Every structure is written in C-alpha cells, then in structure tokens.
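Written below as structure tokens is the structure these notes are about.
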Amino acid sequence: MADAADLKPLPLDALHRRLGARMVPFAGYAMPIQYDGIIAEHLWTREAAGLFDVSHMGQLLVEGEGAADWLESIAPGDFKALQPHRVRYSLLLNDDGGILDDLMVTNTGKSFYLVVNGATKHADIAHMMARLPAGLTLHHMEDHALLALQGPQAVTVMSRFDLTPESADQPDFADLKFMSGARWLWNGVKLGITRSGYTGEDGYEISVPNSHAEALAEALLAHAEVKPIGLGARDSLRLEAGLPLYGHDLDPGITPVEADLAFAISKRRKAEGGFPGAARVLDQLFNGAPRKRVGLSVEGRMPAREGATVSVGDTQVGVLTSGGFAPSLNMPIAMAMIASDHAADGTAVDIEVRGKRIAATVVPMPFKQKNYVREGATK
C-alpha cells in the first residue's frame with residue numbers, strides 16, 4: 001500500500017473529506033472509496049443520480065492533420081469515419097495484439113479527446129509519444145478534473161443547468177445521446193461533456209478545469225437527486241454492467257477477441273487490418289480464440305474474488321478476473337477468463353473459494369440491463 005505522503009490529492013480532495021469520505025490509495029491518488037456505504041451508494045446510483053470523482057483518469061488531446069490516421073496505427077477503431085461530436089470505445093494494443101489499455105475517443109471537430117485509465121495513463125502517454133509523428137501534438141490535460149454524473153435522474157439534473165453551446169454546429173444539450181459529446185459554457189467556464197459512463201446507467205462525464213471543479217461538484221450535489229459515490233460502488237456497478245476493469249479483466253496478454261471486445265474492432269479494420277497485432281487478432285476473430293472472458297452467476301451468498309480458480313470436474317479451465325456481490329441482483333457474480341471449450345452460456349463450473357468448491361454457471365453479460373439513451377431514442 002502506498003505511503004499516504006506519496007499520494008497525489010484529487011482536485012476535490014478537500015470536498016471529499018468534508019463529505020466524510022473514507023479515502024484509500026488508488027492509482028497513485030488518495031481517492032474516496034465510500035461515503036454512506038457501498039451498497040447504499042450503488043442502489044442510489046441505480047435509482048437516482050450518483051456523482052463520481054474520476055479525476056485520476058488521463059485526459060489527452062491529440063491535435064494536428066492526420067490525427068485519425070495515427071490513431072488507427074495504435075488502435076483498431078475506424079477513427080477516420082468518426083463524426084464530429086461522436087465518441088468511440090477503443091483499445092490501445094501492443095505489437096502482439098494484447099491490450100495495453102481501453103479508452104474513450106471523442107472527435108471534437110478540431111481534435112481528438114481521449115480518456116485513458118488512471119493506473120496506466122503515464123505508460124499510455126509514453127507509448128503514444130514514442131509513436132507520435134511530426135506534425136501531431138499530444139497534450140496531457142493535467143489542469144482538468146473529470147466528474148461523472150450517473151443514474152436515471154442525471155438527465156433531469158443536467159437539464160436544470162444553464163449551458164451555452166460553444167459552437168453552432170454541435171448538438172443541443174437536450175438532444176445529446178449516448179456516445180456523443182461537445183463543449184458548453186457554464187457560468188463562463190468551458191465544460192467538455194459526453195453522454196457516457198462506466199456504470200451501465202444513463203449519465204454524463206464532465207471535464208472541467210481544476211480551478212472550477214469544486215464549484216461544479218457543489219452545484220451538482222445541491223440537487224436532491226444527487227449524492228457523492230465512491231470507488232467501491234463504481235466497481236460493483238461496472239461489474240453488474242459486465243464492463244471490464246483494466247489490470248483485472250484486461251491486460252497486455254489478453255487480446256480483444258479473448259476479452260469479448262471484438263465490437264471495438266471496426267468493420268473496415270476487420271477487413272483491412274493495419275492495427276498492432278492484426279494478424280493474431282483477426283485469426284482469433286475468424287477462427288476462434290483459445291479462451292474468452294465470460295460472466296458467471298455464483299450459487300449461494302459468498303462472493304468469489306479475483307484469482308479464484310474455475311474448474312470443470314477435476315480440470316482447471318480458467319481463473320476469476322473480477323468478482324463480488326451484486327446489490328441490484330442480491331447475489332454474487334463474477335467475470336472469468338476460461339477456455340473457449342467451456343465458455344458457452346449455461347456451462348456449469350466450480351469456483352474454489354476459501355478451500356471450498358462453489359457451483360457457478362456461465363451466463364450472458366451484462367448481468368444487469370444497461371440503461372443508455374441511444375440515437376433515435378425518445379427519452
């Protein structure tokens with residue numbers, strides 16, 4: 001565990017402490033793991049709106065002619081076809097097609113805005129800088145915080161804010177749908193807002209200058225629908241939504257196909273390749289991978305944790321990558337990386353937990369239905 005003196009404070013550190021957060025080390029920062037309790041915060045986010053401080057994440061700007069082509073040289077997305085104000089989930093790959101990180105990419109119309117994981121951001125930046133051609137710039141937005149407002153009441157809360165669009169060609173805020181975003185002015189402060197998140201719920205991620213982060217957080221928390229939510233509930237929410245966590249469900253030895261993230265390989269890139277590790281990844285895509293990330297429903301009440309072995313009979317077939325109790329479902333669930341021969345939905349397996357074998361079943365993910373508001377929705 002990191003020494004408290006070595007931890008960086010978040011821009012909202014003082015606010016978290018005033019709100020009574022229990023702070024823990026995470027990705028080199030002191031971060032709130034809970035305020036009122038993980039289960040209560042989890043259920044509040046599912047029912048109302050939770051405010052998360054995710055300022056540990058890396059916010060990057062890629063600028064210059066040819067930025068889309070360069071992004072396609074390090075990730076398998078079709079960024080040349082990504083329209084202004086649209087967001088795409090993608091994967092930073094090594095030369096063997098292993099996942100160095102997962103990230104969100106937004107075409108701002110003038111540049112590409114990237115959000116990468118906090119624990120890997122410095123390695124990501126080094127990887128990108130080593131491959132950055134002349135004429136492009138990569139800017140780490142260390143002067144910006146990142147807040148996430150998640151839950152079914154997030155749109156109600158945000159509709160009360162007086163937001164002025166930065167440009168005439170961007171969507172009206174009321175028309176913003178899942179995986180789209182733009183910039184708005186709030187009390188003279190420029191905010192970058194995307195309709196996205198990591199909980200499976202509707203909501204927004206908001207990039208705000210550090211100097212105005214506390215004012216924005218307090219303005220959001222002033223609404224009765226909003227409560228602060230910590231890392232503990234963020235993890236249980238993403239697990240229910242079947243969303244992988246880098247360093248647990250994803251790592252440099254796992255390919256997009258093995259991670260069950262082949263959707264992040266755009267149609268054109270499947271045909272053309274040209275991304276790192278394309279030969280291996282496309283071979284797995286078309287001919288099958290030896291293993292696969294799957295969801296497991298776990299019998300009983302005891303949660304199974306990362307690292308537990310998964311067996312069929314006397315044969316180990318995999319290992320748990322994430323696990324815990326699902327408050328919305330009132331049952332333990334898990335993700336595992338297991339041999340493809342045993343990855344079909346309905347397959348019965350056993351998990352070893354504290355020396356005991358607990359029955360589990362391979363099930364489809366997400367465990368909890370996502371509530372995104374997609375293009376064409378009337379909500």
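Computed FRET efficiency, Cβ-Cβ of Asn94 and Ala359, R0 41 Å: what is it to the nearest 0.05?
It comes to 0.65.
Counting only C-alpha contacts under 8 Å and six or more residues apart, can you give the relative contact order of the stretch 290-363 as a whole percent?
39 percent
Looking at Val105, Leu92, Ile38, which one has the Cα that reaches farthest to the positive end of the dipole of the chain (charges on Cβ: Lys, Arg +1; Asp, Glu -1)?
The residue sitting farthest along the positive end of the dipole is Ile38.
For semi-axes √(5λ) of the Cα gyration tensor in Å, several values are listed as (1) 35, 21, 21; (2) 32, 27, 19; (3) 41, 21, 17; flag the one computed from this structure.
So the calculated entry is the one marked (2).
For Val312 and Phe161, compute 0.36 nm times the residue count separating them, minus their Cα-Cα distance, and round to one decimal in nm.
Net length gain for the segment: 49.0 nm.
Contour minus end-to-end for Val189 and Gln83, with contour as 0.36 nm per residue of separation and end-to-end as the Cα-Cα distance?
35.6 nm is the gain from fully extending Val189 to Gln83.
Whole Å is fine, so just give me how far the alpha carbon centre of the stretch 258-334 lies from that of the stretch 1-72.
Cα centroid of the stretch 258-334 versus Cα centroid of the stretch 1-72: 25 Å apart.
Can you give the charge dipole size of the stretch 290-363 about its Cα centre, rounded to the nearest 20 debye, using +1 on the beta carbon of Lys and Arg and -1 on the beta carbon of Asp and Glu?
200 debye
Of the trypsin sites (Lys or Arg not before Pro) in the stretch 247-353, which ones lie in a loop per DSSP and count no more than 13 other C-beta atoms within 10 Å?
Arg301
For a footprinting-style exposure proxy, rank Glu306, Glu72 by other Cβ within 10 Å, fewest first.
The fewest-first ordering by Cβ neighbours comes to Glu306, Glu72.
Restricting to the chain, what percent of DSSP beta bridges are antiparallel, rounded to 5?
Rounded to the nearest five, the antiparallel share is 95 percent.
Over all directions, average the projected area of the Cα convex hull of the stretch 290-363 and note it in nm².
4.3 nm²
Charges at C-beta only: +1 for Lys and Arg, -1 for Asp and Glu. How large is the resulting dipole of the chain about its Cα centre, in Debye rounded to 20?
So the magnitude is around 520 debye.
In which sequence would Lys121, Lys177 go, from the one with the fewest C-beta neighbours within 10 Å to the one with the most?
So the residues, fewest neighbours to most, are Lys177, Lys121.
No value in this document is a laboratory result; all are computed from the given coordinates. A quick note: this is a predicted structure, and the numbers were derived from the prediction, not measured. Neighbour counts are summed over all protein chains in view; Cβ atoms, including those assigned to glycine, are modelled from backbone coordinates with ideal geometry.
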